[in-house]
Amino acid sequence: QLVESGGGLVQAGDSLRLSCTASEDTFSNYALGWFRQAPGKQREFVAAISKNGGNTPYGDSVKARSTISRDNRKNTVYLQMNSLKFEDSASYYCAATPRIIDLRSALQYDYWGRGTQVTVSS
């Protein structure tokens with residue numbers, strides 16, 4: 001089970017850190033990803049982190065402003081987002097996969113959280 005937290009209402013230019021905590025004891029065996037979806041839009045890849053943290057791809061719209069990290073001792077993955085823009089408003093979902101291929105693809109992920117809402121006011 002994946003549970004996201006840290007979303008909320010912020011102003012443009014603010015920073016936010018999202019967290020996703022897993023109940024799985026074998027957390028370190030999974031790559032983690034963040035995706036987002038705004039109303040009327042397709043789900044968009046935001047960032048991912050490999051099992052050992054050595055590979056961290058980012059979506060083009062956030063890569064200069066975001067940092068993904070993980071703490072395997074706490075079974076938690078983080079997404080730090082800076083200089084937030086109105087267009088960052090969306091529901092943000094955490095996902096996990098035991099596979100090590102194409103971390104940008106939502107199809108590769110087996111487990112999903114219920115999401116946390118981020119709203120950026122302009």
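When the residues of the range 99-121 are filtered to those that are open to solvent by 80 Å² or more (accessible area, probe 1.4 Å) and touching a helix residue (DSSP H, G or I) at 6+ places or on another chain (Cβ under 8 Å), the one that is farthest from Asn52 (Cα to Cα) is Asp102. Among the criteria (1) among the hydroxyl-bearing types (Ser, Thr, Tyr); (2) under 17 Å from Asn29 (Cβ atoms); (3) open to solvent by less than 80 Å² (accessible area, probe 1.4 Å), the one Tyr92 does not fulfil is (2). Scanning the range 23-48 for residues that are within 25 Å of Thr119 (Cβ to Cβ) and of a type in the set (A, V, I, L, M) yields Leu32, Ala38, Val46, Ala47, Ala48. Selection of the range 1-40 for residues being open to solvent by 60 Å² or more (accessible area, probe 1.4 Å), modelled with pLDDT under 95 and not in a loop (DSSP other than H, G, I, E, B) yields only Asn29.
Let's see how each residue does on (1) in a helix (DSSP H, G or I); (2) without any contact (Cβ under 8 Å) to a residue 40 or more places away in the chain; (3) within 19 Å of Gln1 (Cα to Cα); (4) out of contact with any Phe, Trp or Tyr (no Cβ under 7 Å at 6 or more places or on another chain):
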| residue | (1), (2), (3), (4) |
| --- | --- |
| Phe45 | no, no, no, no |
| Asp60 | no, yes, no, yes |
| Leu79 | no, no, yes, no |
| Ser83 | no, no, no, yes |
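Of the residues in the range 41-60, not one is farther than 24 Å from Asn29 by Cα and open to solvent by less than 30 Å² (accessible area, probe 1.4 Å). Listed by first and then second residue, the pairs with beta-carbon distance under 7 Å, at least 6 apart or on different chains, first residue in the range 104-122 and closer than 11 Å to Phe35 by Cβ and part of a strand (DSSP E or B), second open to solvent by 40 Å² or more (accessible area, probe 1.4 Å) and among the hydroxyl-bearing types (Ser, Thr, Tyr), are Trp112/Tyr93.
For every residue, the table says whether it meets (1) touching a residue at least 12 places away in the same chain (Cβ under 8 Å); (2) aliphatic (A, V, I, L, M).
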| site | (1), (2) |
| --- | --- |
| Ser5 | yes, no |
| Val10 | yes, yes |
| Ala22 | yes, yes |
| Ala31 | yes, yes |
| Gln42 | no, no |
| Ile49 | yes, yes |
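If we scan the range 67-88, do we find a residue that is small (Gly, Ala, Ser), open to solvent by less than 30 Å² (accessible area, probe 1.4 Å) and under 14 Å from the mean Cα position of the chain (by Cα)? The answer is no, given that none of the residues of the range 67-88 is small (Gly, Ala, Ser), open to solvent by less than 30 Å² (accessible area, probe 1.4 Å) and under 14 Å from the mean Cα position of the chain (by Cα).
Scanning the range 71-104 for residues that are under 14 Å from Ser19 (Cβ atoms) and among the acidic types (Asp, Glu) turns up just one, Asp71.
The values are calculated or read from the model by the stated rules, or taken from the named source; none is laboratory data. Being a predicted model, the structure only gives us computed values, none of them experimental. Neighbour counts run over all protein chains shown; Cβ positions are idealised from the backbone, glycine included. For accessibility, only protein heavy atoms count, side chains too; no ligands or nucleic acids. Shrake-Rupley method; radii C 1.70, N 1.55, O 1.52, S 1.80 Å.
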